[in-house]
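The values are calculated or read from the model by the stated rules, or taken from the named source; none is laboratory data. Every value quoted in this text rests on a predicted model; they were computed, and no experiment measured them. Glycine also receives a Cβ, built like all others from the backbone with ideal geometry; neighbour counts cover every protein chain displayed. The protein model used for the area step is the full one, side chains on, heavy atoms only, and it has no ligands, DNA or RNA in it. Shrake-Rupley method; radii C 1.70, N 1.55, O 1.52, S 1.80 Å.
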Amino acid sequence: MSAGIGTEQNPLRVAIVGSGPAGFYAAGQLLTAKDLHAEVEMFDKLATPWGLVRAGVAPDHPNIKAVTRVYEKTAKREGFRFHGNVEVGKDVSHEELAAHHHAVIYATGSPTDRRLGIPGEDLAGSHAATEFVAWYNGHPDYRDLEFDLSPKRAVVIGNGNVALDVARMLALTNDELGKTDIADHALEALASSGVEEIVVLGRRGPLQAAYTNPELKELGEMADADVIVDPDEARLDALSQEEFDSGEIDKTSRVNVETVQEYAARAPHGYPRRIVLRFLVSPVEILGDDRVTGVRVVRNRLEKSPDGRLVARATDETEDIECGIVLRSVGYRGEPFAGLPFDERRNTLNNESGRITDPESGDPLPGVYTAGWIKRGPSGVIGTNKKCAQETVNALLEDLAAGKLPEPSAEVDSLIEVLHERHPDVVDYAGWELIDEHERGLGEPHGRPRVKLTRAEELLDVAGSARLARAKK
Ligand code: NAP
């Protein structure tokens, strides 16, 4: 029973797994909840916090990354502790977390990519965009991947913001990239890139594109790249035009259509690089014997499905697009985690409004919650996670009030002690601050926000002084 929990004498103890936006919003909401004393232990597999804000947001979008200021404020609140370089499921089990806390929130995101399921998908030169993104952002697990950027044409499959991010990264000039916090290995590789044309493939039309207005508009303002759209493909098909004219579409879709049509009407500047936006084409095969030589696409037409959505239907018209590199950008995918119930259809933890539930009975697992992409799937922008985390925190606090949270069987500190004995390289928040300061210091002389450390050993080395100070205490 959870009576009397949440007071100064008996604070609500919550473990949060994952230090991305959803984890940090949940932590902030718990630590600032009215009339509640809470303590949050946050665990992350990496030595560094911020999840996709560090490893996903494009390096040329520093304004989006500024959101970490909010998370820094949370990290400074009394009752918050960070334990980086700790893999839940390996260094510490779910059962251990559950035994030492009133509640555990999983905010672990969607670590892999959705597959296309077409021949040639695994040929050399065909990569998941999620991996390319993690590589250029210096994620230690991806820093040794190799991308052959010598081909003249790259094809990006998908019509979401990630597709536009990777297209833009391939088209930015060295000068533009050199001012960002892109990982040094990627800066070097992109500096000698031979890519001149980036073709972005949308399986539906401009009205159904998943990207947002600022990201599409940025393509039209690049220093050294033209954006090219064939007027025939920019024109809406009859069904989409009907939707567009009905006035019932959202503003994002309307402005996307207008922007694509404006690009189609533009005369190219003749810049050295081109981003070509294609519509109503689906990849059916990635071509090549031992490495990518092209993509075979089929032309689609749109049909109304029974639920009213316009879906792509293949015609028998195909086309081969020659290229030497393919980036498959058709979405991230969640994975089963720590033996928790998993919804195989949605690729999320099985949950209802953030309460992890038993798939058979539908009953909530007492004290186990989820937030962010592993709760709802890989959609929305960073701010979407605030609302998502709040729903989860509300469910947790309702369960607290209803006396439904299990009583932990041991003190948190005993778990942290055991963890440090088992795994001396745990990086606490002071360790992260040393890394942060070090990276910013490396960037400063070059006018860059930071130069990221991308090897786990380097990160642990720099965080080491914090560990030593902790050991002396
Ligand atoms: P996304 O927005 O879900 O877009 C996935 C795209 O892949 C859609 O265009 C989808 O087309 C297409 N697709 C799916 N299966 C396909 C197939 N078999 N063949 C061809 N195309 C296929 O995913 P995302 O781009 O990975 O982005 C993930 C989330 O992060 C999104 O919410 C995004 O807005 C967000 N994000 C935001 C920013 C930013 O704010 N700057 C940057 C990056 C990411 P259909 O629509 O036809 O299914």
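Inclusion of residue 182 among residues that are farther than 23 Å from residue 444 by Cα, touching a helix residue (DSSP H, G or I) at 6+ places or on another chain (Cβ under 9 Å) and either in a loop (DSSP other than H, G, I, E, B) or away from the ligand (no atom under 11 Å from the Cβ) (or both) is not warranted. Picking from residues in segment 284-325 that are among the small types (Gly, Ala, Ser) and within 15 Å of residue 202 (Cβ to Cβ), the one that is nearest to the ligand (Cβ to nearest atom) is 312. One residue stands out in segment 313-341 among those that are surrounded by 20 or more Cβ atoms within 10 Å (Cβ to Cβ), hydrophobic (A, V, I, L, M, F, W, C) and not in a loop (DSSP other than H, G, I, E, B): the one that is nearest to the chain's Cα centre (by Cα), namely 327. Taking the numbered list (1) out of contact with any Gly (no Cβ under 9 Å at 6 or more places or on another chain); (2) open to solvent by less than 70 Å² (accessible area, probe 1.4 Å) in turn, residue 381 passes all entries but (2). Of all residues in segment 198-207, exactly one satisfies the criterion of being open to solvent by 30 Å² or more (accessible area, probe 1.4 Å) and either over 16 Å from residue 162 (Cβ atoms) or at pLDDT below 95 (or both), namely 204.
Residues in segment 384-395 that are within 15 Å of residue 53 (Cα to Cα) and buried (at least 24 other Cβ atoms within 10 Å of the Cβ): 385 alone. Looking at segment 200-226, which of the residues that are touching a Pro at 6+ places or on another chain (Cβ under 9 Å) and part of a strand (DSSP E or B) is farthest from the ligand (Cβ to nearest atom)? Applying the filter and picking the extreme gives 226. Quick check on segment 144-158. Is at least one of its residues open to solvent by less than 30 Å² (accessible area, probe 1.4 Å) and closer than 26 Å to residue 457 by Cα? Checked segment 144-158: at least one residue is open to solvent by less than 30 Å² (accessible area, probe 1.4 Å) and closer than 26 Å to residue 457 by Cα. Name the residues in segment 261-287 that are over 18 Å from residue 197 (Cβ atoms) and of a type outside the set (A, V, I, L, M, F, W, C), would you? Of everything in segment 261-287, those that are over 18 Å from residue 197 (Cβ atoms) and of a type outside the set (A, V, I, L, M, F, W, C) turn out to be 261, 262, 282, 285. Note on segment 227-253: residues that are within 20 Å of residue 61 (Cα to Cα) and not in a helix (DSSP H, G or I) amount to 1.
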